[in-house]
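The structure appears right after this line, and notes come after that.
The values are calculated or read from the model by the stated rules, or taken from the named source; none is laboratory data. These numbers were taken from a predicted model, which means no experiment stands behind them. Heads up, the Cβs are rebuilt from the backbone with ideal geometry, glycines too, and the neighbour counts pull from every protein chain shown. Just the protein is used for accessible areas: all its heavy atoms, side chains included, with ligands, DNA and RNA removed. Shrake-Rupley method; radii C 1.70, N 1.55, O 1.52, S 1.80 Å.
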Amino acid sequence: MNARDAILGAVRDGLRGASAPPLPEPNATSAPLSIEERIARFTAVQQKLGGVVEVVADRRAACARIGLLLARQGAAVAALSDAPWLAGVADYAPVGCELLAADAARERLLQADVGVTGAQWGVAETGTLVLASAAERHRLASLLPALHLVVLPVRSLLGTLGEAFAAMQGAAGAPVARTLTFVTGPSRTADIELTLVVGVHGPKALHVLLVADDDAK
Amino acid sequence: MSRKVALFATCLGDQLWPEVVQATADVLQRAGCVVTFDPAQTCCAQPAFNSGYQQEAKAVARRFVEIFERADAIVAPSGSCTAMVHRYPHLFRDEPAWRARAEAVAHKAFEFSSFLVRELGVTDVGATLRARVAWHDACHGLRELGVHDEPRALLAAVRGLELVDLRTGEACCGFGGTFAVKFPELSTAMLDHKLSALDERVDVLSAIDSSCLMQIRGRLQRRGSRVRALHLAEILAST
Amino acid sequence: MNSMRPETFAANAREALADATLTGALRRATDTFADRRAAAIGAVPDWQELRTRAAAIKAHTLARLDHYLEQFVANAEKAGAVVHWARDANEACAIVRDLAAARGSKRLVKSKSMATEEIHLNAALAQDGREPVETDLGEWIIQLAGETPSHIIVPAIHKTKEQIGELFVDKLGIPPSSDPQVLAAEARTRLRAHFAAADLGISGVNFGVAETGTILVLENEGNARMTTTLPAVHVAVMGIEKVIPRFADLETFLRLLPRSGTGQHLTTYQSMLTGPDPTGQGPRELHVVLLDNGRSRIVADELMRQTLACIRCGACLNACPVYQSIGGHAYGSVYPGPIGAILTPQLQGMHSAGTLPFASSLCGACKDVCPVKIDIPTLLLELRRRAVEGEPAAAPGAPASLPTRRKPLEALGWRLWSWVTRSPARFRAASALTRLGQKLPFAKQLFGPLRAWQSTRNAPELAKRSFRSQWRGPVR
């Protein structure tokens, strides 16, 4: 008998006649928060975790801001996701800062100082960014560099985790992307005497730009 | 209101600290209860049960049920022994007839302080004791019976008594029955952590369980401490 | 510390207690965790409802585990994952070894996973010269030191920063430092090189979603994201009990797990992976190794089944006064603390781990903090019963196993105790005898348990007169 049949058989035999208590109905939390409340909560949680949040007027302003932040960081190499509107960053990037596309070689991406990506949703109550790999190629740019700049349209800022799980599940029940990542603050560890160290493997800093008017070109 | 109470002395109370059992009876009587004591009683069976010897425990538990099933209310100066009686239905889970009898008995078995406060609605039993008292939340009372506020309410009404907050109040004293002799160093390390929060503000460390107090007192005496270990009933019986 | 076995728990505990550095570090750590947890759950008004809900989801799923496993596998395979089944540790290790060998994988990285610890995967891969590099900071420290983890969440909880600093000087040749910032930065640099070169990544699984075939991996450092993103092949080892029915159920567990474990409202990263990522940003292959290793036996036991509801948060360790005093190594098992004391004897058998259920004062703090409401004290008591009475029959008609705790003198003692205690006359006679006995010189030295008691505490004496002999009847 193969392992699959043996294990399933053993489980089935062991549970023969077992009564199962009912499965509770799904209980997705939601919170009817205004945009302002969502921004305020998201910002407060991020700040507590060491993240930075600011609101910018539109996508063009976001690109301009990113250019400034790259300059301030003294970035030599920045890794960009393939979100089409990030092409605008090129207009503002400081001279001498190389911009890598999402399909750049792995070795190059590992050298990036800054990663610039969008996020598909945000969760106000937990200060979480949701990255969906089907919408954007941002798995590496959001992970490898020491600074992660994230752009999130304000209208994608949800209230609760429950709303996020609902949004992440498509109509047919399958997740909307093969890889869904929650990012809540910069990378951290407390493995040495429970002393907090920010930025151990993932980004040491997280900077979120909330785009107020996302309809701009 | 007069309640008929069948006193369960517990084996330790009966044999080692009769004064605690007497104090329990005195306070209950002062609160208007008619207290009876059936000398056929011995032990709740917890020592064997906790050691894994459930067959041996069952034999003793059956005797307990037979002795106490006609009582109106069973009151014990111990959260641990009361919690054991509450475990009888689990112990007899494969014996429906005994299980039903065990449930009936468990339903009317009460720990002393919670019986006073929850059942009788009494907090002031007219006691006086000039002492600064810290409280040990005995584990089974606290976590299996939910006894937390009741003894504090009773102590708050004792004249002259000052209740001192103990940082490690809810920490286990390390007794755990045979655990205390199977792993004496570990048991004592747990106790020493508990006692590490005691300071000069405390005269008395009190609890609802004589077994915890045996552990605590034994260590305090060994260390030559001036802090006394007293059962709640002894404090409430003081006038 | 690392050769400790469960059989020698008492001696292990003594050794741990004699190590003041260890006990100090443990007390600080477990106190900190307990405080953080209390603060975190204090901010959740519906905490008890959440626990009840999570316990109900787990109880339901485990009672229908065959159904949900099949659903999980079908959906994971539909998404392109390759699912492997392993009856035991050997099979699981062989699957991973074969996967690595077939692909000629040379550089393996691994993120923290209890299941891979349980099957001793690193040692198995090391036989082929493919020992993975542990990438969680705590696990990496432990691997450098050649030790074993002492905590489910914080593997190096038993080591001080000074000890870790010395280890880094010794193994990595860096200048001395005991600054966690410096040490963590060194780890970042060193492990980057391993991530960059890795061709196979190994992770555990926190939850597997039946409805979608998704696996969720939860972490703080980003090493699990690295491990499940950079190498071309990702192998996830998952206990069969990790499956939950619906994608939306993840929310319930994500609210509970980090708060219980580290006191965070959410850990920094959750990766939810449904098959390999066709966008080319992650591994080309995703393999899920479903591990039984004794779990199907536990599922069959109605009372003990709840053991498998554990989500490995570590809250019971931090709350346990035994764990707080001696740490994880003394348990001599991969799973320490209260959960280890019930899980290990069931996974490994009572013969090797039958002592662990006795290593508890039954204080119940573990049950209070458990986010999925496992009744650990009741299960400890049941395992104690099985240790002295033998295990129940594995199947109808099969013989029950013999007791593993064969202590004829102890058993005789309890039979005698029971015989005495169920008769008031015998009870009176025995106490009278004891009253006489305790007057004998050296009496306390002759009786083993009393001797143990007196090693650290003064012993009480029986009262001159018992309560029953003083009772004068009710006052009217």
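Do we have any residue at all in segment B:154-175 that's free of Cβ contacts under 8 Å to residues at least 40 places away in the same chain, in a helix (DSSP H, G or I), in contact with a Phe, Trp or Tyr (Cβ under 9 Å, 6 or more places away or on another chain) and on the phi < 0 side of the Ramachandran plot? Working first, answer last.
As a first pass, look at segment B:154-175 and keep what is free of Cβ contacts under 8 Å to residues at least 40 places away in the same chain: B:156-157, B:159-160, B:162-172.
Within this subset, residues satisfying the condition of being in a helix (DSSP H, G or I) are B:156.
This time we only want the ones that are in contact with a Phe, Trp or Tyr (Cβ under 9 Å, 6 or more places away or on another chain), so: none.
No, every residue in segment B:154-175 fails to be free of Cβ contacts under 8 Å to residues at least 40 places away in the same chain, in a helix (DSSP H, G or I), in contact with a Phe, Trp or Tyr (Cβ under 9 Å, 6 or more places away or on another chain) and on the phi < 0 side of the Ramachandran plot.
Suppose the filter is within 14 Å of chain C (Cβ to nearest Cβ), aromatic (Phe, Trp, Tyr) and either closer than 24 Å to residue B:31 by Cβ or open to solvent by 30 Å² or more (accessible area, probe 1.4 Å) (or both); does residue B:68 pass it?
yes
A quick yes/no check of all residues on (1) open to solvent by less than 70 Å² (accessible area, probe 1.4 Å); (2) not in a strand (DSSP E or B):
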{"residue": "A:19", "(1), (2)": "no, yes"}
{"residue": "A:39", "(1), (2)": "yes, yes"}
{"residue": "A:44", "(1), (2)": "yes, yes"}
{"residue": "A:53", "(1), (2)": "yes, no"}
{"residue": "A:61", "(1), (2)": "yes, yes"}
{"residue": "A:78", "(1), (2)": "yes, no"}
{"residue": "A:86", "(1), (2)": "yes, yes"}
{"residue": "A:94", "(1), (2)": "yes, yes"}
{"residue": "A:104", "(1), (2)": "yes, yes"}
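All but one of (1) in contact with a helix residue (DSSP H, G or I) (Cβ under 6 Å, 6 or more places away or on another chain); (2) open to solvent by less than 20 Å² (accessible area, probe 1.4 Å) hold for residue B:86; state the number of the condition that does not hold.
Of the numbered conditions (1) in contact with a helix residue (DSSP H, G or I) (Cβ under 6 Å, 6 or more places away or on another chain); (2) open to solvent by less than 20 Å² (accessible area, probe 1.4 Å), the odd one out for residue B:86 is (2).
Which residue pairs have Cβ atoms closer than 9 Å, lie 6 or more positions apart in sequence or on different chains, and pair a first residue in segment C:463-476 that is surrounded by fewer than 10 Cβ atoms within 10 Å (Cβ to Cβ) with a second residue that is part of a loop (DSSP other than H, G, I, E, B)?
From residues that are surrounded by fewer than 10 Cβ atoms within 10 Å (Cβ to Cβ), the pairs are C:473/B:37.
Let me spell it out: the conditions are (1) surrounded by 16 or more Cβ atoms within 10 Å (Cβ to Cβ); (2) within 25 Å of residue A:2 (Cβ to Cβ); (3) more than 11 Å from chain A (Cβ to nearest Cβ); (4) in contact (Cβ under 8 Å) with a residue 40 or more places away in the chain, and residue C:103 meets all of them except one. Which number is the exception?
(1)
Scan segment B:176-213 residue by residue and report those that are in a loop (DSSP other than H, G, I, E, B) and more than 18 Å from the chain's Cα centre (by Cα).
As a first pass, look at segment B:176-213 and keep what is in a loop (DSSP other than H, G, I, E, B): B:176-178, B:183, B:196-203, B:208-209.
B:183, B:196, B:197, B:198, B:199, B:200, B:201, B:202, B:203 - these are the residues of segment B:176-213 that are in a loop (DSSP other than H, G, I, E, B) and more than 18 Å from the chain's Cα centre (by Cα).
Table: residues versus (1) farther than 28 Å from residue B:126 by Cβ; (2) in contact with a Cys (Cβ under 6 Å, 6 or more places away or on another chain); (3) crowded, with 22+ Cβ neighbours inside 10 Å.
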| site | (1), (2), (3) |
| --- | --- |
| B:193 | yes, no, no |
| B:197 | yes, no, no |
| B:209 | no, no, yes |
| B:221 | yes, no, no |
| B:235 | no, no, yes |
| B:238 | no, no, no |
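Being buried (at least 16 other Cβ atoms within 10 Å of the Cβ), within 30 Å of residue B:35 (Cβ to Cβ) and within 10 Å of chain B (Cβ to nearest Cβ) narrows it down to one of C:453, C:417, so name that one.
C:417
Yes or no: segment B:154-165 includes at least one residue that is open to solvent by less than 10 Å² (accessible area, probe 1.4 Å), within 14 Å of chain C (Cβ to nearest Cβ) and at pLDDT 95 or above.
no
Answer yes if at least one residue in segment C:393-405 is at pLDDT 90 or above, aliphatic (A, V, I, L, M) and either part of a loop (DSSP other than H, G, I, E, B) or open to solvent by less than 40 Å² (accessible area, probe 1.4 Å) (or both), and no otherwise. Explain how you work it out, then say what you get.
To start, the set of residues in segment C:393-405 that are at pLDDT 90 or above comprises none.
Scanning segment C:393-405, I find no residue that is at pLDDT 90 or above, aliphatic (A, V, I, L, M) and either part of a loop (DSSP other than H, G, I, E, B) or open to solvent by less than 40 Å² (accessible area, probe 1.4 Å) (or both), so the answer is no.
Using the structure shown, decide if residue B:57 is more than 9 Å from every other protein chain (Cβ to nearest Cβ) and open to solvent by less than 10 Å² (accessible area, probe 1.4 Å).
no
So is residue B:234 charged (D, E, K, R), in a loop (DSSP other than H, G, I, E, B) and either more than 14 Å from every other protein chain (Cβ to nearest Cβ) or over 12 Å from residue C:456 (Cα atoms) (or both) or not?
The answer is no for residue B:234.
Out of everything in segment C:331-359 that is small (Gly, Ala, Ser), in contact with a Pro (Cβ under 8 Å, 6 or more places away or on another chain) and outside any loop (DSSP other than H, G, I, E, B), what residue ends up being modelled with the highest pLDDT? Let's see the steps before the verdict.
Kept after step one, since they are small (Gly, Ala, Ser), are these residues of segment C:331-359: C:332-333, C:337, C:340-341, C:349, C:352-354, C:359.
After this cut, where a residue has to be in contact with a Pro (Cβ under 8 Å, 6 or more places away or on another chain) as well, the list is C:332-333, C:341, C:352-354.
If we keep only those that are outside any loop (DSSP other than H, G, I, E, B) as well, we get C:341, C:352-353.
Details: C:341: 97, C:352: 87, C:353: 91.
Selected residue: C:341.
Against the conditions (1) within 30 Å of residue C:292 (Cα to Cα); (2) more than 11 Å from every other protein chain (Cβ to nearest Cβ), where does residue A:86 fall short? Just the number, please.
With (1) within 30 Å of residue C:292 (Cα to Cα); (2) more than 11 Å from every other protein chain (Cβ to nearest Cβ) applied to residue A:86, the lone miss is (1).
Can you confirm whether segment C:78-88 contains a residue that is of a type in the set (Lys, Arg), part of a loop (DSSP other than H, G, I, E, B), within 12 Å of another protein chain (Cβ to nearest Cβ) and touching a residue at least 12 places away in the same chain (Cβ under 8 Å)?
Looking through segment C:78-88, at least one residue is of a type in the set (Lys, Arg), part of a loop (DSSP other than H, G, I, E, B), within 12 Å of another protein chain (Cβ to nearest Cβ) and touching a residue at least 12 places away in the same chain (Cβ under 8 Å).
Here's a check for you: in segment C:173-197, which residue that is touching a residue at least 40 places away in the same chain (Cβ under 8 Å) and open to solvent by less than 10 Å² (accessible area, probe 1.4 Å) is nearest to residue C:276 (Cα to Cα)?
Among residues in segment C:173-197 that are touching a residue at least 40 places away in the same chain (Cβ under 8 Å) and open to solvent by less than 10 Å² (accessible area, probe 1.4 Å), the one nearest to residue C:276 (Cα to Cα) is C:195.
So is residue C:141 in a helix (DSSP H, G or I) and open to solvent by less than 10 Å² (accessible area, probe 1.4 Å) or not?
In short, yes.
Tell me the residue from C:189, C:228 that is closer than 23 Å to residue A:183 by Cβ and touching a strand residue (DSSP E or B) at 6+ places or on another chain (Cβ under 8 Å), please.
Residue meeting the stated conditions: C:228.
Do the conditions hold for residue A:164, that is, is it more than 7 Å from chain C (Cβ to nearest Cβ), open to solvent by less than 10 Å² (accessible area, probe 1.4 Å) and in contact with a Leu (Cβ under 8 Å, 6 or more places away or on another chain)?
yes
Might you check whether a residue that is closer than 28 Å to residue C:333 by Cα and within 9 Å of chain A (Cβ to nearest Cβ) occurs anywhere in segment C:10-26?
Among the residues of segment C:10-26, at least one is closer than 28 Å to residue C:333 by Cα and within 9 Å of chain A (Cβ to nearest Cβ), which makes the answer yes.
Looking at segment B:122-153 only, could you name the residues that are part of a strand (DSSP E or B) and polar (S, T, N, Q)?
B:128
Among the residues of segment C:331-352, which ones are more than 18 Å from residue C:305 (Cα to Cα) and more than 13 Å from the chain's Cα centre (by Cα)?
Kept after step one, since they are more than 18 Å from residue C:305 (Cα to Cα), are these residues of segment C:331-352: C:331-334, C:336-337, C:351-352.
C:351, C:352 - these are the residues of segment C:331-352 that are more than 18 Å from residue C:305 (Cα to Cα) and more than 13 Å from the chain's Cα centre (by Cα).
From the set of residues in segment C:109-126 that are touching a residue at least 12 places away in the same chain (Cβ under 8 Å) and over 21 Å from residue C:216 (Cα atoms), which is surrounded by the most Cβ atoms within 10 Å (Cβ to Cβ)? Lay out the reasoning, then the answer.
The initial filter retains those residues of segment C:109-126 that are touching a residue at least 12 places away in the same chain (Cβ under 8 Å), namely C:109-122, C:124-125.
In the following step, the residues that additionally are over 21 Å from residue C:216 (Cα atoms) were identified as C:120, C:122, C:124-125.
Working: C:120: 16, C:122: 20, C:124: 19, C:125: 23.
Looking at the filtered set, the residue picked out is C:125.
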